[in-house]
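Right, one structure below, let's go through it.
Derivation of every value follows stated rules applied to the coordinates shown; laboratory data play no part. Note that the structure is a prediction, hence the values are computed from the model and not measured. Positions of Cβ are generated from backbone atoms using ideal geometry, with glycine treated the same way; all protein chains shown enter the neighbour counts.
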Amino acid sequence: MAAGNARLCLACSEMVQNWPYPQWLKLSLAGLLLLLAFALLHGRKYFQAGKDLYRGEQLVEKGRFQEALPYLKATMKLAPNSDKGALLTAKAALLSTNARKVFRIAAIMHCNRAIFLPRRVVPDTFGRRRVAFRF
């Protein structure tokens, strides 16, 4: 038998195969596997958000803004503090054909964050109301 690159005699190979691992080491391994399973189950939604962000980003790069919006909106629901998701959502919403037609989307860029305003916006000092878009 060989262990790594070293060849072992029959007696030594049986000893290596049947080595009695300490109980604390076995319990530690079981605890780590349980912790890993919990972390993977808990982080499943974040993997989904990352997947949606990646799909949306690819569609935005291809210029398919209307198709990217559902993926980017799903990302923003799961990860509302994502700067990249907010900026890509604003870009896709502003450059989609519906946004150009209805003039109801506004993205206010403040501290690298996009804030989406509701459909009805209070007029500014000049009486302009066309500052917000609806998604």
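Values for this structure:
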| quantity | calculated |
| --- | --- |
| From phi via Karplus (6.51, -1.76, 1.60), per-residue ³J(HN,Hα) for the stretch 27-40 in Hz, x at Gly/Pro | 5, 5, 4, 4, x, 5, 5, 5, 5, 5, 4, 5, 5, 5 |
| Sequence of Arg64, Arg7 once ranked by neighbouring C-beta atoms within 10 Å, starting from the fewest | Arg7, Arg64 |
| For Glu67, Glu57, order by how many other beta-carbon atoms lie within 10 Å, fewest first | Glu67, Glu57 |
